[in-house]
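The values are calculated or read from the model by the stated rules, or taken from the named source; none is laboratory data. For clarity, every value in this text was computed on a predicted model and none was experimentally measured. No Cβ is skipped: glycine too gets one built from the backbone with ideal geometry, and neighbour counts run over all protein chains shown. Protein only, heavy atoms only, side chains kept; ligands, DNA and RNA dropped before computing areas. Shrake-Rupley method; radii C 1.70, N 1.55, O 1.52, S 1.80 Å.
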Amino acid sequence: MKVLFIGDVFGTRGQVALEKYLPKMKQDYHPDLIIVNGENIDKGFGMTLKTYKFLMEQGVRCVTMGNHTFSKRELLEFIDDANIVRPANYHKDVPGKGVQILRFNDKTVAVINIMGRIFMGDPLDNPFQVIDTLLDEIDADYIIVDFHGEATSEKLAFGHYVDGRVDAVVGTHTHVPTADAMILPKNTLYITDIGMTGAKYGILGGEKESIIHKFVTGMPSRIKEDTSKKLQFNAVLLDVENHTIKAINIHE
Ligand SMILES: [Fe+2]
Ligand SMILES: [Fe+2]
């Protein structure tokens, strides 16, 4: 069972990168399931029905989210019926679900989205306690977790905490790929961050001038999506049956 997991797709350039590189990924690796982190797909902030449908048309089976889940309010209108998982450690009354069970042939794959709490600022339940509860409840052949967080230490600690209890932990949110794709001691596949998909020369997908201005002056600024031409595409190919993880990093 091969799963292609694509890191945070950022805005219009992210959609272009997906359309450009996904056919090659399908041809080269024949993934059984494609999962995408979609928290930034609509101009960098959240997801609309249009951008959700775009992902489904590309053959994506499940979309994971993060701190930008509800940046576009219209998501509230369709999240409950969609192939979307938002952080499982949100309050229980938050719309949507933190786990989705996918089927492929005779196997089931549980996809979980969960958020870290270090440097994130959101009022979230403890992800380590939440995952324990979830793992008691979930009945699936394979379990894949998107741990959406900023701190590398928290992500790695989470990976080791669930090592042997889930099949893969992939990190998202920082938009910068890490070089630590590995098999943990008890066979869980792990990477601290997959990296993003979108403009190569922006700053994490955002247009660089406004972000530099913010750092130089300390003044708040509205972040626009970067529209420059060169792209990056970052993903991991997980083989949850044979316990292999391969980082795919394309930088034009
Ligand atoms: Fe992101
Ligand atoms: Fe994020």
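Count, please, the residues in segment 79-126 that happen to be aliphatic (A, V, I, L, M), open to solvent by 30 Å² or more (accessible area, probe 1.4 Å) and more than 28 Å from E241 (Cβ to Cβ).
2
Would you check which residues across segment 61-97 are among the β-branched types (V, I, T) and either under 20 Å from T133 (Cα atoms) or within 16 Å of ligand 1 (Cβ to nearest atom) (or both) and list them?
Within segment 61-97, V63, T64, T69, I84, V85, V94 meet the criteria.
Pick out the one residue from L55, L4 that is in contact (Cβ under 8 Å) with a residue 12 or more places away in the chain and either closer than 20 Å to K246 by Cα or open to solvent by 10 Å² or more (accessible area, probe 1.4 Å) (or both).
L4
If I filter segment 35-50 down to residues being surrounded by fewer than 23 Cβ atoms within 10 Å (Cβ to Cβ) and not charged (D, E, K, R), which single residue comes out as farthest from ligand 2 (Cβ to nearest atom)?
Narrowing segment 35-50 to residues surrounded by fewer than 23 Cβ atoms within 10 Å (Cβ to Cβ): 43, 45-46, 48-50.
Filter once more, keeping what is not charged (D, E, K, R): 45-46, 48-49.
Values: F45: 10, G46: 11, T48: 17, L49: 21 Å.
Only one residue tops the list, namely L49.
Filter segment 175-193 down to residues that are open to solvent by less than 20 Å² (accessible area, probe 1.4 Å), in a loop (DSSP other than H, G, I, E, B) and away from ligand 2 (no atom under 16 Å from the Cβ), then give me how many there are.
Narrowing segment 175-193 to residues open to solvent by less than 20 Å² (accessible area, probe 1.4 Å): 175, 184, 188-193.
Next, only the ones that are in a loop (DSSP other than H, G, I, E, B) stay: 175, 184, 188, 192-193.
Of the ones still in play, those that are also away from ligand 2 (no atom under 16 Å from the Cβ) are 184, 188.
Residues flagged as open to solvent by less than 20 Å² (accessible area, probe 1.4 Å), in a loop (DSSP other than H, G, I, E, B) and away from ligand 2 (no atom under 16 Å from the Cβ) within segment 175-193 amount to 2.
In segment 135-174, which residues are of a type in the set (S, T, Y), in a helix (DSSP H, G or I) and within 16 Å of ligand 1 (Cβ to nearest atom)? Let's see the steps before the verdict.
Our first condition is that a residue be of a type in the set (S, T, Y); within segment 135-174, this holds for 142, 152-153, 161, 172, 174.
Now restrict to residues that are in a helix (DSSP H, G or I): 152-153, 161.
Within segment 135-174, T152 is the sole residue that qualifies.
Please go through segment 58-78 and pick out each residue that is open to solvent by 10 Å² or more (accessible area, probe 1.4 Å) and not hydrophobic (A, V, I, L, M, F, W, C).
Matches in segment 58-78: Q58, G59, R61, N67, H68, S71, K72, R73, E74, E77.
Among the listed residues E154, E137, identify the single one that is over 16 Å from V85 (Cβ atoms) and of a type in the set (D, E).
Criteria check complete, one pass: E154.
Name, by its number, the condition in (1) open to solvent by less than 10 Å² (accessible area, probe 1.4 Å); (2) part of a loop (DSSP other than H, G, I, E, B); (3) under 22 Å from Y142 (Cα atoms) that does not hold for P31.
So P31 meets the others, but not (1).
List the residue pairs whose Cβ atoms are under 9 Å apart, where the first residue sits in segment 169-190 and is at positive phi, the second is more than 16 Å from ligand 2 (Cβ to nearest atom) and not in a strand (DSSP E or B), and the two are 6 or more positions apart or on different chains.
Once the first residue is at positive phi and sits in segment 169-190, its partners that are more than 16 Å from ligand 2 (Cβ to nearest atom) and not in a strand (DSSP E or B) give N187/G164; N187/D167; N187/H243.
Within segment 80-106, how many residues are without any contact (Cβ under 8 Å) to a residue 24 or more places away in the chain, within 17 Å of Y52 (Cα to Cα) and β-branched (V, I, T)?
0
I'm checking my understanding of the structure. Among residues of segment 127-156 that are open to solvent by less than 50 Å² (accessible area, probe 1.4 Å) and farther than 15 Å from A88 by Cα, which one is nearest to the chain's Cα centre (by Cα)?
Ranking the qualifying residues of segment 127-156, first place goes to K155.
Would you check which residues across segment 194-223 are modelled with pLDDT of 95 or more, among the hydroxyl-bearing types (S, T, Y) and away from ligand 2 (no atom under 16 Å from the Cβ) and list them?
Matches in segment 194-223: Y201, T217.
Quick check, is N89 within 16 Å of ligand 2 (Cβ to nearest atom) and in contact with a Phe, Trp or Tyr (Cβ under 6 Å, 6 or more places away or on another chain)?
Answer is no for this residue.
List every residue pair whose Cβ atoms sit under 8 Å apart, with the two residues 6 or more apart in sequence or on different chains, where the first one lies in segment 63-79 and is in contact (Cβ under 8 Å) with a residue 12 or more places away in the chain and the second, anywhere, is within 10 Å of ligand 1 (Cβ to nearest atom) and open to solvent by 10 Å² or more (accessible area, probe 1.4 Å).
G66/H173; N67/H173; H68/F45; S71/F45; K72/F45
Among the residues of segment 7-28, write down those that are within 16 Å of ligand 1 (Cβ to nearest atom) and surrounded by 21 or more Cβ atoms within 10 Å (Cβ to Cβ).
Once the filter is applied, which keeps residues that are within 16 Å of ligand 1 (Cβ to nearest atom) and surrounded by 21 or more Cβ atoms within 10 Å (Cβ to Cβ), segment 7-28 yields G7, D8, V9, F10, G11, R13, G14, A17, L18.
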